[in-house]
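The values are calculated or read from the model by the stated rules, or taken from the named source; none is laboratory data. Note that this is a predicted model, so its numbers are computed, not measured. Because the Cβ atoms are built from the backbone with ideal geometry, glycine has one as well, and the counts that use them run over all protein chains shown.
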Amino acid sequence: MPELPEVETTRRGIAPYVENQQISEVIVRNGRLRVPVPEALADGLVGRYIGNLRRRAKYLLLPLENGQSEPGGQARTLLWHLGMSGSLRIAQVGDLPKKHDHVDLVFSNGHILRYHDPRRFGFVDWLAGDEYSDKRLARLGPEPLSPDFTGQRLYRLSRGKRVAVKPFLMDNQIVVGVGNIYATEALFMAGIDPRREAGRVSLARYQRLATAAQEVLAAAITQGGTTLRDFVSGQGEPGYFAQRLNVYGRHGEPCRRCGEELKRITLGQRASVYCPLCQR
């Protein structure tokens, strides 16, 4: 499943091709996604210009510049989620679609923003109001690379929590975008056992964890995301961060720090790998 670095990599990859470009055509080959594609999508997009792409958690926001407005004069914004296996890629007019290429935004400059999703768990929809009123975004926690995400926040929100620290860190109301891969890596970097109760982690250790999460996410974005079976960037290139993973997917192998065999457990229905010596 594309996580925050993969979505950010996608945003950066497609932005130069679609920002400030006029949409000339909308092609929907299969509108039966997790959220059905709006029937009047083309009516709201054709002739409009895409503004500066933004990302909130794992959502991409495509604002319409000088576009039609909702009642009350509010400009519309397109909300895109990649789901489990979706990807947005840049194609050219004349490039034949492949199986599972469900939606195309065709631009007057000859580029196509093409949505590919074998499992159809993603969606494209209108943002309902703004980021603070749309129910899909309204309750999200801070971005992990923003100043609002700190060890102090983790410590404060964890008091009295008996849930394990790993699913606590992966809670999008605590902080967005720290998915399974990056939570696993951050906990290793901070030396924290993923099974430890969130309420029993000290402030000093949460400060290390917040720093580790920021470092691992920033590195993944720089490297182009994590290599997942279904994920590719906006240009169709795979990510390369998986080559640097310390623990995720390496159960049974020796720890790169101490040589102890890495163990695999299940927490919150997600696989987790950790070092029984380095993490406590």
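Go through the residues of segment 2-25 one by one and say whether even a single one is buried (at least 21 other Cβ atoms within 10 Å of the Cβ), among the polar types (S, T, N, Q) and outside any strand (DSSP E or B). Within segment 2-25, one or more residues are buried (at least 21 other Cβ atoms within 10 Å of the Cβ), among the polar types (S, T, N, Q) and outside any strand (DSSP E or B).
Just a yes or no: is a residue in segment 83-92 touching a Leu at 6+ places or on another chain (Cβ under 7 Å) and closer than 27 Å to residue 172 by Cα? Yes, segment 83-92 contains at least one residue that is touching a Leu at 6+ places or on another chain (Cβ under 7 Å) and closer than 27 Å to residue 172 by Cα. In this structure, does residue 62 turn out to be assigned by TED's automatic domain parsing to the domain that holds residue 34, at pLDDT 95 or above, within 24 Å of residue 24 (Cβ to Cβ) and in contact with an Asp or Glu (Cβ under 8 Å, 6 or more places away or on another chain)? Here the answer is no, as residue 62 does not meet what is asked.
Among the conditions (1) at pLDDT below 95; (2) farther than 19 Å from residue 122 by Cβ, residue 24 misses just one, which is (1). Could you check segment 16-49 and list, in sequence order, the residues that are in contact (Cβ under 8 Å) with a residue 60 or more places away in the chain and under 30 Å from residue 216 (Cβ atoms)? Result: 17, 18, 34. Of all the residues in segment 175-193, those that are of a type in the set (Asp, Glu) and either within 14 Å of residue 58 (Cα to Cα) or part of a helix (DSSP H, G or I) (or both) number 1.
Yes or no, residue by residue, for (1) crowded, with 17+ Cβ neighbours inside 10 Å; (2) modelled with pLDDT under 95; (3) of a type in the set (Ser, Thr, Tyr):
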residue: 141; (1), (2), (3): yes, no, no
residue: 149; (1), (2), (3): yes, no, no
residue: 154; (1), (2), (3): yes, no, no
residue: 158; (1), (2), (3): yes, no, yes
residue: 165; (1), (2), (3): yes, no, no
residue: 174; (1), (2), (3): yes, no, no
residue: 182; (1), (2), (3): yes, yes, yes
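The residues of segment 269-280 that are loosely packed, with under 15 Cβ neighbours inside 10 Å and assigned to a loop (DSSP other than H, G, I, E, B), listed by number, are 269, 276, 277, 280. For segment 194-211, the set of residues classified as in a loop (DSSP other than H, G, I, E, B), touching a strand residue (DSSP E or B) at 6+ places or on another chain (Cβ under 9 Å) and crowded, with 21+ Cβ neighbours inside 10 Å consists of 194 only.
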